[in-house]
Every structure is written in structure tokens, then in C-alpha cells.
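Just below is one structure, and these are the notes that go with it.
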Amino acid sequence: MPLNGLTKKVIKLAVTAGKMMLKTVPVISKFKGTKENYTTKTDEMIQEFLKKKLLSILSESSFMGEENCEYCKSSLMWIVDPIDGTVNYTHGLPMSVVSIALVKDGEIILGVVHNPYLKETFHAERAKGAYLNKKPIHVSNISRKDSLVSTAWCTYNKKLAYLSFRISERLHTECTDIRRFGTAAYEMCLLAKGSIDMYFEMLLSPWDYAAASLIIKEAGGCSSSLDGPLNIFDQCSVLAANNKENLDYLRNVVIEELKDIRPQGSIWGGQDARK
Ligand code: LIP
């Protein structure tokens, strides 16, 4: 099946999942280690819906989702975050997205991120450009000193928050300003459309960044982990920028501010999310 036929089906599923998000009252179903990290019944419902539909589209595929990180070896795998921005969702903040990526032999070939509040659907197929609501998008050409940086502060692991604030202080001083939206996938899509210019977050999982990292790449941007290219199965720190110069700047700031704790497990990458 040509990917574009598949892409249309996946976009339709993401939009349907977004409608489920908006019409369901959030109810927390379980906590995942800290009071800030939880799942809602809507996360679980959307994940089950998407898993059933996506596996039926590609019967030979496997599925990795935030709400049950099962993994089985297959050359084709879906990586899904049913609600990226769960805390925004439970607080009624209109900033949560559905993120769906398709990986073939370890390489992302399709990414779809849908924001139901704004009716925005970002998508990219490998080597075919990036789009917002079917219109081509491209990263900005803004310089470091004029850039907006989106980031986060280790909400799910607050003993590391001080490091994030150190990095944010450097970026706030040396760039224009910081923005925090509470959804990695959407923040990375904002970079792809040229609304923000750099992005950094520690301790992300594949479902947070998989789809959006392809959308950034196809929009002319770049992303990496702290130690090199993003390994799609890693829980790691994710950096992204509108160009290589800004990505290198961002990496240098982060490494300088983290120098007294390196190496530190998944902050640096290399922690396989499939375990
Ligand atoms: C969220 C990320 C966000 C991060 C939050 C959380 P979730 O994903 O997208 O960027 O700061 O801590 O990890 O848990 O809402 O799917």
C-alpha cells in the first residue's frame, strides 16, 4: 500500500482519537511513580482504540504505546502517545495532542501529531516534506540570540529539576525567551512550523518524540540526543533546533551545565524503552 494511502488512514484515526479526548471528562486511572505522572481512563481508551485500528491496517506490525510499553520484534512498529500532555488535559488546558509514528526497521517513516483543540494535524512521510493541515511547513531561520526556546523541567523526576532550571537560565540569558507548553510532541511540531526555534527536554520516551522528530527533520530542522542521533527506542534527553549551528549551541550549553553529573543514565540516552 503506498504510504500516502496509509497516511490518510492514520491522520483520520488521529482526528477521531482527538475527538474522543475532547468529549471525555478526564478521570485519573493510575499513578506511575510520582503524583505528577499519571494516566487517565481517556489515555487508556484512546490507546486501545488506536492499537486495534493501527494493527488492523498493517497486520504484520507491532505496537509500542505509553500506556503499556509492550514490545515485540517486528520490522514495522507503531509508536503511540494517546495523549501527550496528560497533565494539561486533566487541568483543562487546551494543549494536548495525539502522536502516532510508524517505524520500519528502526527508522521512522511516518509521523502524525494532531492537536484537537486547534484542529491542527502535523504529518510527515520520510523524504516527502512536513505539513500542517496539508500545507507545507518549514523551520525558521532565526538566529540563536533572537530565538524562542521550548523546554521542560523534569516534572516526572523533580530531583533533577535543578539541572533543567540551570540550563533554562543559560538559555533565557543567551536567547530571547523560554516557552513551556507541557507536551513534547506539540512543542517539537511548533519548531517544525517555525514558531519556536530550539527545544530541549530530559528523560523523554520514544512515544513523546518519535512522530515529531520526523516532522522536524522533514521541515528542515534537526534533532539529536546528547550523545548523538536519536535512537528511536531510547528514553533520553532530546534536543532539536532550526539548524545545525543552533543544535550544536544547545548541546554545548546542556553538556556544560550537566558536566558534574555525566554520565547519568537515561539523561544521556541509551536506556532502551523496550525493557
Ligand atoms: C509529557 C511530555 C512533556 C513533559 C511531561 C510529560 P505525557 O508527556 O510531552 O513534554 O514535560 O513531563 O512527559 O506524559 O503527558 O504523555
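The values are calculated or read from the model by the stated rules, or taken from the named source; none is laboratory data. Here the structure is a predicted model, which is why all the values come from computation and not from measurement. Neighbour counts run over all protein chains shown; Cβ positions are idealised from the backbone, glycine included. SASA here: full protein model, heavy atoms, side chains in, ligands and nucleic acids out. Shrake-Rupley method; radii C 1.70, N 1.55, O 1.52, S 1.80 Å.
Just a few scattered comments:
- Net charge dipole size for the range 1-58 [Lys, Arg +1 and Asp, Glu -1 on Cβ; Debye, nearest 20]: 180 debye
- The charge dipole of the chain, taken about its Cα centre with unit charges on the Cβ atoms of Lys, Arg (+1), Asp and Glu (-1) only, comes to about 740 debye.
- Accessible surface ranking for Phe181, Phe63, Phe165, 1.4 angstrom probe, highest first: Phe165, Phe181, Phe63.
- Taking 0.36 nm per residue of sequence separation and removing the Cα-Cα distance, the Ser74/Glu256 pair yields an extension gain of 61.6 nm.
- Computed E for Lys41/Arg180 - FRET, C-beta separation, R0 30 angstrom, nearest 0.05: 0.70
- Size of electric dipole in the range 145-238: Cβ of Lys, Arg +1 and of Asp, Glu -1, about Cα centre, debye, nearest 20: 240 debye
- Total lysine pairs in the range 28-124 at Cα distances under 20 Å, for residues eight or more apart or on different chains: 13.
- Debye equation applied to the C-alpha atoms of the range 96-151, log10 I(q)/I(0) at 0.15, 0.27, 0.30 Å⁻¹: -0.58, -1.05, -1.10
- Angstrom value of the Kirkwood radius, inverse mean 1/r, which spans all Cα pairs in the chain: 18.4 Å
- Note on the chain: dipole from Cβ charges, positive end direction compared against Ala14, Gly220, Val254; the farthest Cα belongs to Ala14.
- The tail of the calculated P(r) for the range 42-98 beyond 20 Å holds 28 percent of all Cα-Cα pairs.
- Computed accessible area, Arg179, all protein chains, 1.4 angstrom probe, square angstrom: 90 Å²
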